[in-house]
1. Starting from 0.36 nm per residue, how many nanometres of slack lie between LEU160 and ARG227 once their C-alpha separation is accounted for?
2. Considering only protein heavy atoms, what is the solvent-accessible area of PHE9 at a probe of 1.4 Å, reported in Å² to the nearest 10?
3. Near LYS167, which lysines are there with a Cα under 30 Å away, not counting those fewer than 8 places off in the same chain?
4. Determine the relative contact order of the chain: mean sequence separation of Cα pairs under 8 Å and six or more apart, normalised by residue count, in whole percent.
5. Show me the ranking of peptides 14-23, 133-142 by mean Cβ neighbours inside 10 Å, starting with the highest.
6. From the residues TRP99, SER71, ALA17, which one has its Cα farthest along the dipole of segment 6-154 in the positive direction, the dipole being from +1 and -1 charges on Cβ of Lys/Arg and Asp/Glu about the Cα centre?
7. Antiparallel DSSP bridges in the chain: what percent, to the nearest 5?
8. Between ALA106 and VAL3, what length comes free when the chain is fully extended (0.36 nm per residue of separation minus the Cα-Cα distance, one decimal in nm)?
Amino acid sequence: KGVEELLPFATSAVREAGNADEVLARVKTETGVELQVLSGAEEARLTFLAVRRWFGWSAGKLLVLDIGGGSLEIAYGMDEEPDTAVSLPLGAGRLTAAWLPGDPPAPDDVRALRRHVRAQIARTVGEFSRFGAPDHVVATSKTFKQLARIAGAARSAEGLYVQRELKRASLESWVPRLAAMTVDERAELPGVSEGRAGQLLAGALVAEGAMDLFRVETLEVCPWALREGVILRRLDHMPGE
């Protein structure tokens, strides 16, 4: 493809692996690529940067939520650097593996995961509330995009610039339906990929908990996320012509 520079990075799966050093060394040996392992705070800051650049300064104070495979990042601020940011071990893949073994999952397991998610998020709410209410609440990542899609948002084929939203009321109505479905049934939903259908319920429980505890009725879905944040930071540090 003519690529002249790689920006290779790893997130929570490698960051928290017991054999992370071994993995990084093997990647470097076999490919020549030295992965940069991002901290949770860096993930949150870079995602926030991408969202700020997408929405612009006129968007005011932003609260940004990002559900990945291993972690949930939450960031808030008025500038390109958030005033506060946290990373919680509430990724959709991680929670599915640890809490939802059944297909469909047992109702008791779903209830236990909901309690766990809400307890984790609740510990952080006070840290954000002291900054006041945000002007916009924005979500990134495939999990939020898929949840918005099944709740009626525009298809990805309609382009990046179509505004997409997720309403808490719609999400709350979908959670019990997702909990009753098998992985194969979820994969038949609009916009849900086969590879991510298994972790969609856990992602929905995290999204529901975050929107409830932060008192968010509607959030906007941003097409830019961590990848774009990494690129933007690199462009910002490139020497001028």
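1. Working: separation 67, 0.36 × 67 = 24.12 nm, distance 1.54 nm.
Gain on stretching LEU160 to ARG227: 22.6 nm.
2. About 70 Å², ignoring ligands and nucleic acids.
3. Once the sequence-local lysines are set aside, what remains near LYS167 is LYS61, LYS142, LYS145.
4. 23 percent.
5. Working: 14-23: 13.3, 133-142: 20.7.
By packing density, highest mean first, the sequence is 133-142, 14-23.
6. TRP99
7. Details: 14 of 23 bridges.
Percentage antiparallel, nearest 5: 60.
8. Length gained between ALA106 and VAL3: 32.4 nm.
The values are calculated or read from the model by the stated rules, or taken from the named source; none is laboratory data. Note that this is a predicted model, so its numbers are computed, not measured. Every residue, glycine among them, receives a Cβ derived from its backbone with ideal geometry; neighbour counts consider all protein chains shown. Note: accessible area is taken over every heavy atom of the protein model, side chains too, but ligands, DNA and RNA are not part of it. Shrake-Rupley method; radii C 1.70, N 1.55, O 1.52, S 1.80 Å.
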